[in-house]
Amino acid sequence: MRVRSGPAGFRPLLAAAVGAALLLTGCASDPEGTGEQGPEAGKGKTVLTIGVFGAFGLKEAGLYEEYSRLNPDVVIKQTSIERNENYYPQLLTHLGTGSGLADIQAVELGNIAEVTSTQADRLVDLSKAPGVDKSAYLPWKWAQAQNRDGRVVGLGTDIGPQGICYRKDLFAAAGLPSDREAVGALWAGDWAKYLEVGKRYQAEAGKGKAFVDSASGVLAAVTGSAPLRFYDADGKVVYKTNPAVKGAFDLAASFASEGLSARLQQFTPSWDQGFSRGTFATVSCPAWMLGYIQDKAGPAGQGKWDVAQAPRPGNWGGSFLVVPKAGKKTEEAAKLAAWLTAPAQQARLFEKRGSFPSAKAAYALPAVSGATHAYFGGAPIGSIFAKAAEGIPVQPVGPKDLLISQNLADVGMLQVDQKGRSAAQGWEAAMKAIDNALDQ
C-alpha cells in the first residue's frame, strides 16, 4: 500500500502553528451539490447533504458511492469550500441562524473546541447514534468533541500522529545510524535528545546541511506531545504559566541559536524546495505529510527518506463530522456520520487517501496494520503511526488554540529563527501578540 496524499486531501490543520497559512490543496468544489450521483439522482430518494472544506477525502475514497450501494434509497450530495478560513465562519453563521446547513458538516480540529463549547445545543449527540462504539475510538480523540455534560457532538474522521522523517543518506554521511529503529532510539523519550543528535549531525555535516527545517516545526511538535498545552482541564488559558509551553519554546529556539535550523517557513515555496535540495536532514511529520514529502522531494528522493518514531508521541491534524439539529433528517444523517467514521471506513480512507484513522479498532485491519510506504524505504507506516497514535496524551483543546499557536510560531519563533532575536525576545513578542488577540 502506498499513501498518495495527506488526510482528507491534505488538510494541514495546525499548519499555522508552524508558521504557515492554512492552505488547503486539491479541492474540487461541488457548487451544485450533485456529488457523483448526477443532478436527477435524488428524485424519490432520501437526499443527505454533507458540507466540507477542501478535498476532504470521503467522496474521493468512494465512501459515498459505497454507502448508496448499501442503502439504495439514499443519495449523498456534497458541497465543498476550498479554505477552512472561509468555510468555518459560514458554518458558525448558519448554526446561529439554523438555516443554510448541510445534514452533516465537517469541523477541523482547530475549531472543534469552540464548536463543542458554544454550539453543542445546536448539534446532535452522536454518542447515541446507531453503530457508534466509543471503545473503537482513541480516548483522546473522543474527548475532543465531548462537552462538559458528556454529550459528543462530533465523530472523528482522522488524526495526525507524528513521526520524524529523515534523510538516510545525510545521516550516514554524518556518521549517524540510518536504520529507522536505531534512529528512533537516538532520541527516544526526550525532545532534548533530538537537539543533542542535531548537534552531533551538524558537527559533521557542515554548512548548508541543516538538521531541521525550522524552529517553528520543532515547537509545534514538542507542544503537540505535551499532556497540557494552552488550556487546562477546566478550560482556563494557561499558555503563559504552563512550563511545558515555555520549555518547548526555549528548546525550539535552541535549534535556531545552535545553527541547526534551515530557517525556513513551512508550506512556502522555499520550504518545498528544501525537500528536493536536501537542505535539511529531518522534519517533524505526521502521517499525512509523507505524501507531501514525496511530492516535493520527487523521484530523486525515493529511498533517501525514511521515517522513525518521534521522541514523544504527539498529534498534528484531524477533523470531525457533526450533525446540526436544524436538519430535517437528523436520524439518517447521524447513521451516515457513524458509518463514515466506523473503523472499516477509516481504514479504507487511509488506504486511499493517507488519512490516519482516529478509530483504534482500525489499526488491526490489514489496510492499516500491513501498510508500508515504498518511497520511504518500505517503512511500516501503519505500525509506526499506530504506535504513535496510541501514545498521544489526552490534551485539553481550547477555543483559541489555533490563534495561540499562530502567534507563538509566526510572531515569536519566526523572529528567533529568521531575524536572530533571542528566545526571551521572541517569547515576549509572542506573549504581547497573544494577549492583544485574546483581549487580555
Of ASP149, ASP169, ASP410, the most mobile residue in a GNM of the chain (C-alpha springs, cutoff 10 Å) is ASP149
Extend 7 Å from the Cα of SER422 along its Cα-to-C-beta direction; within region 252-280, residues with backbone N under 18 Å of that point are 252-259
Compactness check, region 328-440: C-alpha Rg relative to the 2.2 N^0.38 Å globular estimate gives 1.55
Percent relative contact order for region 150-228, counting Cα pairs under 8 Å at least six residues apart, stands at 22
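With an 8 Å cut-off on Cα pairs and a minimum separation of 6 or more residues, tell me the relative contact order of the chain in percent.
Details: 960 pairs, mean separation 117.3, N = 440.
Taking the mean separation of contacting Cα pairs over the length of the chain, I get 27 percent.
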The size of the Cβ-based charge dipole (Lys, Arg +1; Asp, Glu -1) of region 158-227 about the Cα centre, to the nearest 20 debye, is 260
For region 237-309, the dipole about the Cα centre with charges only on Cβ (Lys and Arg +1, Asp and Glu -1), to the nearest 20 debye, works out at 120
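Counting other Cβ atoms within 10 Å, keep those with at most 12, restrict to DSSP loop, and tell me which trypsin sites (Lys or Arg not before Pro) in region 178-214 are left.
Qualifying residues, ordered by number: LYS207.
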Within the set ASN407, ASN71, ASN315, GNM on the chain using Cα springs under 10 Å gives the largest fluctuation to ASN71
Of all trypsin sites (Lys or Arg not before Pro) in region 220-301, the ones in DSSP coil with at most 16 other Cβ atoms within 10 Å are LYS236, LYS240
Matching label for the computed volume of the Cα convex hull per residue in Å³, out of (1) 126; (2) 154; (3) 240, is (1)
When the charge dipole of the chain is computed with +1 at the Cβ of Lys and Arg and -1 at the Cβ of Asp and Glu, the Cα pointing farthest to the positive end, of ALA172, LEU109, GLY314, is that of ALA172
Neighbours of ALA342 by Cβ distance under 15 Å: Lys/Arg at +1, Asp/Glu at -1, summed charge +1
Per the helix-only model, the chain has a calculated mean residue ellipticity at 222 nm (DSSP H runs of ≥4, -39500 (n - 2.57) each, divided over all residues, rounded to the nearest 500) of -11500 deg cm²/dmol
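Test of the criteria: in region 94-146, which chymotrypsin sites (Phe, Trp or Tyr not before Pro) are in a DSSP loop and have at most 16 other Cβ atoms within 10 angstrom of their Cβ? Working shown, then result.
Details: sites: TYR137, TRP140, TRP142; in loops: none.
Loop-located and lightly packed - none at all.
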Among SER422, SER270, SER80, the residue with the largest mean-square fluctuation in a Gaussian network model of the chain built from Cα contacts under 10 Å is SER270
Cross-link reach from LYS128 to lysines, straight Cα distance under 21 Å and at least 8 residues apart if same chain, gives LYS141, LYS325, LYS328, LYS329, LYS335, LYS360
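Suppose every Lys and Arg Cβ carries +1 and every Asp and Glu Cβ carries -1, with no other charges. What dipole size does the chain come out with about its Cα centre, to the nearest 20 debye?
440
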If unit charges are put on Cβ atoms (+1 for Lys and Arg, -1 for Asp and Glu) and the dipole of the chain is taken about its Cα centre, the option from VAL237, ALA409, GLY247 lying farthest towards the positive end turns out to be GLY247
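Quick note: the coordinates plus some simple rules give every number you see, no bench work behind them. All of these numbers come straight from a predicted model, not from anything done at the bench. Glycine also receives a Cβ, built like all others from the backbone with ideal geometry; neighbour counts cover every protein chain displayed.
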